[in-house]
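Taking it in order: structure first as structure tokens, then the write-up.
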Amino acid sequence: MYRLITIWLFCCSAYLATAQTQAPPVQHPVYGVNDTVVVYATVMEDGTLVPTSWLLPVEVLGKMPRHLARQQKKMTRLKNAVYVTYPYAREASRIINFMNRRMAGMKDEQSRRQFIKSQEKQLKEAFGDKITSLSVYQGKVLMKLINRQTGADVYAILKEYKGGANARLWQTVAFVFGSSLKQPYDPTGEDAEMEGYVREVEMLYGG
């Protein structure tokens, strides 16, 4: 008899514990004569049913602030200039490096001049018309990229191959057009943004 009473008390305790953890009953709404639109419902924690509707995604566009628009325009201009001029800088670097290797063993000045002239002709045939059609800004970017590819600015390259007088002449021309042949290149400072675009375009050329 005592055993039966113990089992009965245990079952009652388990039932009461389960009842306390159950969610509250759902409170069904009372519909009126005008409640004819069927919608989804969300059950709240207290069991209340809340009408729910799903809205389609909406794209909201706002006018870009002027300072951001100017910044985006500047970035686009630089990126376009890099993509346009990088092939020229790449080819110029290839030829200049080739010339340096060949001229390292040349001691005769006449042979050096003839060799430089032949390579200059090759550059003009490949890019002459295209380079002359570049804007002043694109020309400035090109000179920076040549510095990046060769490790020397355009003034130093002209002075090496064409002489100091010729280099000064072209430096004067560049200055008149608001630029300079002595374009430095700082990939971690002033030209960090340009370096990012160069790395992008390098992927198209296989590094």
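The values are calculated or read from the model by the stated rules, or taken from the named source; none is laboratory data. Since we're looking at a predicted model, the values are computed, not measured. Glycine also receives a Cβ, built like all others from the backbone with ideal geometry; neighbour counts cover every protein chain displayed. Just so you know, the surface numbers come from the protein's heavy atoms only, side chains and all, with ligands and any DNA or RNA stripped out. Shrake-Rupley method; radii C 1.70, N 1.55, O 1.52, S 1.80 Å.
Could you check, for the stretch 155-171, whether at least one of its residues is within 26 Å of THR76 (Cα to Cα), assigned to a helix (DSSP H, G or I) and either open to solvent by 40 Å² or more (accessible area, probe 1.4 Å) or modelled with pLDDT under 90 (or both)? Steps first, answer last, please.
In the first step, residues of the stretch 155-171 are kept if they are within 26 Å of THR76 (Cα to Cα); the result is none.
Within the stretch 155-171, not a single residue is within 26 Å of THR76 (Cα to Cα), assigned to a helix (DSSP H, G or I) and either open to solvent by 40 Å² or more (accessible area, probe 1.4 Å) or modelled with pLDDT under 90 (or both).
Given the criterion at pLDDT 75 or above and not in a helix (DSSP H, G or I), identify the matching residue among PRO29, PRO25, PRO87, PRO51.
PRO51 is the lone residue from the list that is at pLDDT 75 or above and not in a helix (DSSP H, G or I).
Among the residues that make up the stretch 77-87, is at least one of them closer than 23 Å to LEU145 by Cα, in contact (Cβ under 8 Å) with a residue 12 or more places away in the chain, of a type outside the set (A, V, I, L, M) and open to solvent by 90 Å² or more (accessible area, probe 1.4 Å)?
yes
Somewhere in the stretch 68-80, is a residue more than 21 Å from LEU134 (Cα to Cα) and β-branched (Val, Ile, Thr)?
no
Residues of the stretch 133-154 being hydroxyl-bearing (Ser, Thr, Tyr) and under 22 Å from the mean Cα position of the chain (by Cα), which ones?
Taking the stretch 133-154 first, the residues hydroxyl-bearing (Ser, Thr, Tyr) are 133, 135, 137, 150.
Selection gives TYR137 alone.
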